[in-house]
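The next block holds one structure in the form of structure tokens; read it before the comments.
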Amino acid sequence: MWRTGRVLAGLAIGLFLLFTPPALADEAAPPVASVTVQAQDPGQPPAHRPVDERQRLAIGTTGVVLIGLVLLSRKLRKKPVFFVKWKK
């Protein structure tokens with residue numbers, strides 16, 4: 001069981017590192033003299049950046065792969081996969 005957990009955790013970390021978007025290194029840093037601080041109203045919740053389509057695809061793919069690995073590991077250990085008894 002521990003081995004399966006470690007493999008799933010390693011796979012999840014690997015997929016996270018593989019599908020994370022690169023840092024925005026293309027944009028040049030603004031000159032120091034033109035840095036401005038934008039204050040937010042303390043009553044407002046913090047603004048969240050929207051998730052782009054590539055990140056959504058990576059999150060969905062990671063979820064499907066993890067679910068598949070869990071079902072496969074249960075089948076290999078000869079445990080019920082869907083917890084439903086099928087009558088033949």
Next on the checklist: Show me, for segment 56-63, the HN-Hα J-couplings you get by feeding each phi into the Karplus relation (A = 6.51, B = -1.76, C = 1.60, θ = phi - 60°), rounded to Hz, glycine and proline as x.
Outcome noted: 4, 5, 5, 5, x, 5, 4, x
Checklist outcome for this item: Ordering 56-63, 74-81 by per-residue average of other C-beta atoms within 10 angstrom, highest first, gives 56-63, 74-81
Checklist entry - Stretch residue 12-residue 53 to full length: gain in nm at 0.36 nm per residue minus the Cα-Cα span? => result 12.8 nm
Checklist outcome for this item: Simple SL model, points at 7 angstrom along Cα→Cβ for residue 75 and residue 20; separation in nm is 3.2
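Quick note: the coordinates plus some simple rules give every number you see, no bench work behind them. Small disclaimer: the values here were computed from a predicted structure and weren't measured. Note that we place each Cβ from the backbone using ideal geometry, even for glycine, and neighbour counts take in every protein chain shown.
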